[in-house]
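What follows is a single structure, written as structure tokens, with notes after it.
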Amino acid sequence: MACNYFCDGVDKAPQRSLFNALGMTKEEMDRPLVGIVSSYNEIVPGHMNIDKIVEAVKMGVAMAGGTPVVFPAIAVCDGIAMGHMGMKYSLVTRDLIADSTECMALAHHFDALVMIPNCDKNVPGLLMAAARVNVPTIFVSGGPMLAGHVKGKKTSLSSMFEAVGTYNAGKFTLDDVEEFENKACPTCGSCSGMYTANSMNCLTEVLGMGLRGNGTIPAVYSERLKLAKHAGMQVMELYKKNIRPRDIMTKDAFINAITADMALGCSTNSMLHLPAIAHECGVELDLDFVNEISKRTPNLCHLAPAGHTYMEDLNEAGGVYAVLSELNKKNLINTDCMTCTGKTVGENISGVVNKNPELIRPIDNPYSQTGGIAVLRGNLAPDTCVVKRSAVAPEMLAHEGPARVFDCEEDALSAIYDGKINPGEVVVIRYEGPKGTGMPEMFYTTEAISSDEELGKAIALITDGRFSGASKGPAIGHVSPEAAAGGPIALLEEGDLIKIDIPERILEIVGIDGKECSKEEVDKVLSERKSKWKPKEEKYKSGCLNIYSKHAVSPMKGGYMK
């Protein structure tokens, strides 16, 4: 096997002297240098076990003839960051992770990489870095959390937020809340439903960058350590064959990922992350194409928050490969795509069986004939917006009502808690996009609405921010152009009538000040308002949010920094 870049020649002697300072032997220097990107930390539950994953990966790399060297990547726990200033910093970390990993990998001339992520922005950030660096790379995540068990039912983090809402409605005691608090999140791992972290770890499998089980084997299972060892061994095979991320993450692979996304019912955040990752691969994803895929792709899974099954259940049913196998029965998957196994998708899923047709619906008996995510357009979102259609109750798939307009989430929450929002209205939260406040999640708002029995069945929510993968209901995010860029959402006024038609993919302003108007009349009023509109004062004067607000592209393109 070829030696690493630094192992030979007098001109590399200075670098070898520094490897000697690390205690590295000549034998280690003579082997390929494999960077192990560890996202371990002691604040994120999904990452507290990654030190064990790292050791297993290192063993696998060494067994297969490589020299493993660990360096770190940061990660934010969106659950802990929720509800305060910390959530503003969530999305920007994706680009910080990509940038810092690129710097470390290229500055030290690694021959191959093993990425060990787990949580929401950490996974796409490392996939973006893998595409930039483009040396043989494989992913192995920290794995999902096991579901909790409270009052005879399985639970997750979203159950915890619901418990708080139930308490606020006077239907739970403090003891009930404490029971959820102690049992809802019982183990390490990424939160147990099909939230953003698990969505992206599953889609990493579909893209071909992770081995089978990457997205579904629970964090606490010993099988996860075996997977990590196999990933360490397999990266050396990728090195030998010179199979690189851009050989794997092709346009067809991204189409497969979007297709699987629709079947699995993934988080709407995937519609931010997949375009950003694709961009790094030289592939531009048009979100309008997502609707074409959705129209032909049945929704096969209703994992939490859409249903009452969890990642451990998906794993037992056969995992991501079983979902791909079902999709392949109607030729919805490109089976010729190369993967990190060294085999094609078709070879990987050959003989795979769906072990639980109740959890992974057979292709001929889906939850719905169309996919879990819908991309909407209209005069309120000319450049698109997204909604997790599979988590919307049938009676709210179409809705029309007057706008209640708020320039930040905090004001919207206050109005909800003070009883100032009425059934039938449409809550609009703006100036929360990438250029506004870093595009935080509006999870507290969705939970405040859904925990109120009356409002939960009769209120829609629209924002240029985004939503947690745990959000449910008619929560429409990523409205583009965003308010801070002067998009139509910035021109809305209280009482303007908004029409939502998710099956028809429409988000329109259909009336002004409570009165229905023709399209021409609406356009005229919006044009007049636009002439008077002025950008808000820059919110962040320094730091990474200042940089992000200046350089982030539209959410429809992925919200990455250019």
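The values are calculated or read from the model by the stated rules, or taken from the named source; none is laboratory data. Predicted, not measured: the structure shown is a model, and the values here were computed from it. Ideal geometry is used to build each Cβ from the backbone, glycine not excepted, and the neighbour counts take in all protein chains shown. Each accessible area value is taken on the protein alone, full model and side chains, heavy atoms only, with ligands, DNA and RNA left out. Shrake-Rupley method; radii C 1.70, N 1.55, O 1.52, S 1.80 Å.
Points worth noting:
- Beta carbons closer than 6 Å, at least 6 apart along the sequence or on distinct chains, pair a first residue in region 441-453 that is under 22 Å from residue 271 (Cα atoms) with a second that is of a type in the set (Lys, Arg) for 441/466.
- Against the conditions (1) at pLDDT 95 or above; (2) among the polar types (S, T, N, Q); (3) within 23 Å of residue 448 (Cα to Cα); (4) open to solvent by 20 Å² or more (accessible area, probe 1.4 Å), residue 187 satisfies every one except (3).
- Within region 427-472, the set of residues being aromatic (Phe, Trp, Tyr) and open to solvent by 10 Å² or more (accessible area, probe 1.4 Å) comprises 431, 444.
- For residue 75, the criteria (1) open to solvent by less than 40 Å² (accessible area, probe 1.4 Å); (2) in contact with a strand residue (DSSP E or B) (Cβ under 6 Å, 6 or more places away or on another chain); (3) of a type outside the set (D, E, K, R) hold in every case but one, which is (2).
- The residues of region 476-498 that are touching a strand residue (DSSP E or B) at 6+ places or on another chain (Cβ under 6 Å) and either more than 14 Å from residue 403 (Cα to Cα) or assigned to a loop (DSSP other than H, G, I, E, B) (or both), listed by number, are 477, 478, 479, 480, 481, 492, 494, 495, 496.
- Test: residue in region 158-181 that is of a type outside the set (Val, Ile, Thr), in contact (Cβ under 8 Å) with a residue 40 or more places away in the chain and within 21 Å of residue 42 (Cβ to Cβ): no
- Residue 21 vs. criteria of a type in the set (A, V, I, L, M, F, W, C) and touching a residue at least 24 places away in the same chain (Cβ under 8 Å): no
- Test: residue in region 250-264 that is part of a loop (DSSP other than H, G, I, E, B) and open to solvent by 40 Å² or more (accessible area, probe 1.4 Å): yes
- Condition check for residue 327: open to solvent by less than 10 Å² (accessible area, probe 1.4 Å) and either of a type in the set (A, V, I, L, M, F, W, C) or not in a loop (DSSP other than H, G, I, E, B) (or both): yes
- Residue check for residue 509: assigned to a strand (DSSP E or B) and closer than 16 Å to residue 387 by Cα: no
- A single member of 16, 31 is part of a loop (DSSP other than H, G, I, E, B), basic (Lys, Arg) and either closer than 20 Å to residue 141 by Cβ or at pLDDT 95 or above (or both), and it is 31.
- Selection count where residues are of a type outside the set (D, E, K, R), open to solvent by 10 Å² or more (accessible area, probe 1.4 Å) and out of contact with any Pro (no Cβ under 9 Å at 6 or more places or on another chain), scope region 200-219: 1
- For region 439-483, the set of residues classified as of a type in the set (A, V, I, L, M) and under 17 Å from residue 509 (Cα atoms) consists of 459, 460, 461, 462, 475, 476, 479, 483, listed by residue number.
- Pairs, first without any contact (Cβ under 8 Å) to a residue 60 or more places away in the chain and on the phi < 0 side of the Ramachandran plot in region 488-504, second of a type in the set (Phe, Trp, Tyr) and open to solvent by 20 Å² or more (accessible area, probe 1.4 Å), C-beta under 9 Å, six or more apart: 491/533
- Set 315, 334: member being assigned to a helix (DSSP H, G or I) and open to solvent by 10 Å² or more (accessible area, probe 1.4 Å): 315
- Where a residue in region 117-136 is over 10 Å from residue 93 (Cβ atoms) and part of a helix (DSSP H, G or I) and its partner, wherever it lies, is of a type in the set (S, T, N, Q) and modelled with pLDDT under 95, with Cβ under 7 Å and at least six apart: none
- Residues satisfying the stated conditions in region 459-474, i.e. of a type outside the set (Gly, Ala, Ser), over 18 Å from residue 88 (Cα atoms) and part of a loop (DSSP other than H, G, I, E, B): 459, 472, 474
- Filtering region 409-420 to residues that are buried (at least 16 other Cβ atoms within 10 Å of the Cβ) and either under 30 Å from residue 553 (Cβ atoms) or touching a Lys or Arg at 6+ places or on another chain (Cβ under 6 Å) (or both) leaves 409, 412, 413.
- The residues in region 100-118 that are closer than 14 Å to residue 214 by Cβ and open to solvent by 10 Å² or more (accessible area, probe 1.4 Å) can be counted, and the count is 0.
- Residue list for region 532-549, restricted to those being exposed (fewer than 13 other Cβ atoms within 10 Å of the Cβ) and part of a helix (DSSP H, G or I): 532, 543
- Only one of 390, 350 that is farther than 30 Å from residue 421 by Cα and among the hydroxyl-bearing types (Ser, Thr, Tyr): 350
- Only a single item in (1) in a helix (DSSP H, G or I); (2) among the aliphatic types (A, V, I, L, M); (3) touching a helix residue (DSSP H, G or I) at 6+ places or on another chain (Cβ under 9 Å) is not met by residue 415, and it is number (3).
- Among the residues of region 186-204, those identified as within 20 Å of residue 306 (Cβ to Cβ), out of contact with any strand residue (DSSP E or B) (no Cβ under 6 Å at 6 or more places or on another chain) and not small (Gly, Ala, Ser) are 191, 195, 196, 200, 201, 202, 203.
- Residue check for residue 305: in contact with a Lys or Arg (Cβ under 7 Å, 6 or more places away or on another chain) and either open to solvent by 10 Å² or more (accessible area, probe 1.4 Å) or under 30 Å from residue 184 (Cα atoms) (or both): yes
- In region 338-390, residue surrounded by the fewest Cβ atoms within 10 Å (Cβ to Cβ) [restricted to those that are farther than 20 Å from residue 264 by Cβ and among the aliphatic types (A, V, I, L, M)]: 338
- If the condition is being out of contact with any Phe, Trp or Tyr (no Cβ under 9 Å at 6 or more places or on another chain), within 22 Å of residue 136 (Cβ to Cβ) and touching a residue at least 40 places away in the same chain (Cβ under 8 Å), then region 245-281 contributes 245, 246, 247, 248, 249, 250, 252, 253, 254, 256, 257.
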